[in-house]
Amino acid sequence: MLSLMALSAQRVYTGRVVKIADGDTFTLLVNEHDQIKVRMDGIDAPEKKQPFGNKAKEYLSSMIWGVPVTITVTKNDRYGRSVAKVSTDSIPDVNYEMIKAGYAWHYKEYNKDENYAIAEVLARNSRLGLWRDSVSVRPQDYRKGRRH
(Lines give C-alpha, C1' and ligand atoms only; values in the text may rest on other atoms or scores of the structure.)
Protein backbone atom coordinates (compact mmCIF):
# COMPACT_ATOMS: atom_id res chain seq x y z
CA MET A 1 0.00 0.00 0.00
CA LEU A 2 2.80 2.42 0.87
CA SER A 3 4.58 1.82 -2.43
CA LEU A 4 1.37 2.56 -4.34
CA MET A 5 1.02 5.80 -2.40
CA ALA A 6 4.64 6.73 -3.14
CA LEU A 7 4.16 5.90 -6.82
CA SER A 8 1.05 8.04 -7.06
CA ALA A 9 2.96 10.93 -5.49
CA GLN A 10 5.47 10.90 -8.35
CA ARG A 11 4.89 13.36 -11.14
CA VAL A 12 6.08 12.71 -14.69
CA TYR A 13 6.73 15.47 -17.23
CA THR A 14 8.12 15.49 -20.75
CA GLY A 15 9.56 18.56 -22.39
CA ARG A 16 12.70 20.13 -23.76
CA VAL A 17 15.69 21.49 -21.91
CA VAL A 18 16.03 25.27 -22.20
CA LYS A 19 18.91 25.82 -19.77
CA ILE A 20 21.64 23.72 -18.20
CA ALA A 21 23.02 25.29 -15.03
CA ASP A 22 25.63 22.63 -14.27
CA GLY A 23 26.14 18.88 -14.35
CA ASP A 24 23.12 18.06 -12.19
CA THR A 25 20.71 20.99 -12.60
CA PHE A 26 18.70 22.16 -15.59
CA THR A 27 15.44 23.83 -16.63
CA LEU A 28 12.79 21.85 -18.51
CA LEU A 29 10.12 23.55 -20.62
CA VAL A 30 6.80 21.69 -20.64
CA ASN A 31 3.61 22.68 -22.46
CA GLU A 32 5.61 25.40 -24.27
CA HIS A 33 5.14 27.78 -21.30
CA ASP A 34 5.78 26.05 -17.97
CA GLN A 35 9.38 25.84 -16.74
CA ILE A 36 10.51 23.31 -14.16
CA LYS A 37 13.89 23.65 -12.42
CA VAL A 38 15.25 20.14 -12.08
CA ARG A 39 17.86 18.82 -9.64
CA MET A 40 18.88 15.33 -10.71
CA ASP A 41 18.11 12.71 -8.08
CA GLY A 42 20.92 10.70 -6.53
CA ILE A 43 23.89 12.50 -8.07
CA ASP A 44 26.15 15.41 -7.19
CA ALA A 45 28.19 16.84 -10.08
CA PRO A 46 31.16 19.17 -9.63
CA GLU A 47 30.37 22.86 -9.21
CA LYS A 48 31.13 25.04 -12.23
CA LYS A 49 34.34 26.40 -10.67
CA GLN A 50 35.57 22.97 -9.61
CA PRO A 51 37.78 20.79 -11.80
CA PHE A 52 35.56 18.93 -14.28
CA GLY A 53 32.61 21.24 -13.54
CA ASN A 54 32.39 22.44 -17.15
CA LYS A 55 33.05 18.94 -18.49
CA ALA A 56 30.16 17.58 -16.40
CA LYS A 57 27.87 20.29 -17.76
CA GLU A 58 28.99 19.55 -21.32
CA TYR A 59 28.45 15.81 -20.86
CA LEU A 60 24.94 16.34 -19.48
CA SER A 61 24.20 18.68 -22.38
CA SER A 62 25.34 16.05 -24.89
CA MET A 63 22.69 13.67 -23.53
CA ILE A 64 19.67 15.93 -22.97
CA TRP A 65 19.94 19.01 -25.21
CA GLY A 66 17.75 18.94 -28.33
CA VAL A 67 15.87 15.73 -27.52
CA PRO A 68 12.61 15.07 -25.65
CA VAL A 69 13.40 14.64 -21.95
CA THR A 70 11.19 12.93 -19.38
CA ILE A 71 11.56 13.56 -15.67
CA THR A 72 10.03 11.55 -12.86
CA VAL A 73 9.85 13.86 -9.86
CA THR A 74 10.34 12.16 -6.51
CA LYS A 75 10.22 15.28 -4.32
CA ASN A 76 11.02 18.98 -4.18
CA ASP A 77 14.17 20.23 -2.48
CA ARG A 78 14.49 23.13 -0.05
CA TYR A 79 15.13 25.49 -2.99
CA GLY A 80 11.87 24.52 -4.70
CA ARG A 81 13.55 22.51 -7.44
CA SER A 82 12.02 19.25 -8.61
CA VAL A 83 14.31 16.37 -7.66
CA ALA A 84 13.95 13.84 -10.46
CA LYS A 85 15.17 10.84 -12.39
CA VAL A 86 15.85 11.88 -15.97
CA SER A 87 15.46 9.87 -19.17
CA THR A 88 15.38 10.29 -22.93
CA ASP A 89 14.15 7.93 -25.65
CA SER A 90 17.65 6.47 -25.98
CA ILE A 91 18.92 6.83 -22.36
CA PRO A 92 16.71 5.25 -19.70
CA ASP A 93 18.61 6.76 -16.73
CA VAL A 94 20.63 9.91 -17.44
CA ASN A 95 21.47 10.25 -13.72
CA TYR A 96 23.16 6.85 -13.78
CA GLU A 97 25.03 7.72 -16.99
CA MET A 98 26.53 10.82 -15.33
CA ILE A 99 27.97 8.66 -12.55
CA LYS A 100 29.06 5.88 -14.91
CA ALA A 101 31.01 8.36 -17.10
CA GLY A 102 32.74 9.80 -14.04
CA TYR A 103 31.07 13.22 -14.12
CA ALA A 104 29.12 12.92 -10.86
CA TRP A 105 29.30 11.32 -7.46
CA HIS A 106 26.56 9.05 -6.19
CA TYR A 107 24.78 11.21 -3.60
CA LYS A 108 24.58 8.42 -1.04
CA GLU A 109 23.13 10.61 1.69
CA TYR A 110 19.90 11.01 -0.30
CA ASN A 111 19.86 7.98 -2.58
CA LYS A 112 20.45 4.30 -1.81
CA ASP A 113 20.40 2.93 -5.39
CA GLU A 114 23.03 0.16 -5.46
CA ASN A 115 23.48 0.53 -9.23
CA TYR A 116 24.57 4.13 -8.67
CA ALA A 117 27.02 3.05 -5.97
CA ILE A 118 28.51 0.37 -8.24
CA ALA A 119 28.75 2.79 -11.17
CA GLU A 120 30.74 5.20 -9.00
CA VAL A 121 33.17 2.50 -7.90
CA LEU A 122 33.68 1.36 -11.50
CA ALA A 123 34.23 4.92 -12.76
CA ARG A 124 36.65 5.60 -9.93
CA ASN A 125 38.60 2.38 -10.55
CA SER A 126 38.74 3.15 -14.28
CA ARG A 127 39.80 6.76 -13.57
CA LEU A 128 37.03 8.18 -15.75
CA GLY A 129 36.07 11.85 -15.79
CA LEU A 130 36.67 13.57 -12.48
CA TRP A 131 38.39 10.44 -11.17
CA ARG A 132 41.39 11.30 -13.38
CA ASP A 133 42.19 13.93 -10.76
CA SER A 134 44.10 12.43 -7.84
CA VAL A 135 42.31 14.71 -5.36
CA SER A 136 38.61 14.98 -6.17
CA VAL A 137 36.63 17.15 -3.76
CA ARG A 138 32.95 16.29 -3.40
CA PRO A 139 30.77 19.27 -4.30
CA GLN A 140 29.11 19.26 -0.87
CA ASP A 141 32.56 19.62 0.76
CA TYR A 142 33.56 22.28 -1.78
CA ARG A 143 30.39 24.27 -0.99
CA LYS A 144 31.03 24.04 2.76
CA GLY A 145 34.59 25.28 2.26
CA ARG A 146 33.41 28.28 0.27
CA ARG A 147 31.07 29.38 3.07
CA HIS A 148 33.78 29.47 5.73
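Computed from the C-beta positions of ASP141 and THR14, the FRET efficiency with R₀ = 30 Å rounds to 0.30.
Summed over qualifying helices (DSSP H, 4 residues or more, each -39500 (n - 2.57)) and divided by its residue number, the chain shows a 222 nm mean residue ellipticity of -9500 deg cm²/dmol. A simple charge model with +1 on the Cβ of Lys and Arg, -1 on the Cβ of Asp and Glu and nothing else charged puts the dipole of the chain at about 580 debye relative to its Cα centre. Most simply put, the chain has about 90% antiparallel DSSP beta bridges, counting only bridges with both residues inside it.
Surface composition of the chain: carbon plus sulfur atoms hold 53% of the accessible area, using a 1.4 angstrom probe and ignoring ligands, DNA and RNA.
In region 48-148, which chymotrypsin sites (Phe, Trp or Tyr not before Pro) fall in coil by DSSP and have 15 or fewer other Cβ atoms within 10 Å? Loop-located and lightly packed - TRP65, TYR79, TYR110. Contact order for the chain, expressed relative to its length and based on alpha carbon pairs under 8 Å spaced 6+ residues apart, stands at 22 percent. Taken per residue, the accessible surface of the chain reaches 59 Å², heavy atoms only and a 1.4 Å probe. Diffusion coefficient of region 1-124 by Stokes-Einstein, Kirkwood radius over Cα pairs, 4 °C, 1.567 mPa s: 89 µm²/s.
Of interest is the spacing of the C-alpha centroids, which for region 87-111 and region 114-137 amounts to 12 Å. Across region 95-100, coupling constants 3J(HN,Hα) worked out from phi with the 6.51/-1.76/1.60 Karplus curve, θ = phi - 60°, read 4, 4, 4, 5, 5, 4 Hz, and Gly and Pro carry x. Counted by Cβ distance under 11 Å from TYR79, the other residues give a net charge of +3, where Lys and Arg count +1 and Asp and Glu count -1. Relative to the globular-protein estimate of 2.2 N^0.38 Å, the Cα radius of gyration of region 59-148 stands at 1.16.
The values are calculated or read from the model by the stated rules, or taken from the named source; none is laboratory data. Quick caveat, the model's predicted, so the values are computed rather than measured. So basically every Cβ, Gly included, is an ideal-geometry build from the backbone, and we count neighbours across all protein chains shown. The protein model used for the area step is the full one, side chains on, heavy atoms only, and it has no ligands, DNA or RNA in it. Shrake-Rupley method; radii C 1.70, N 1.55, O 1.52, S 1.80 Å.
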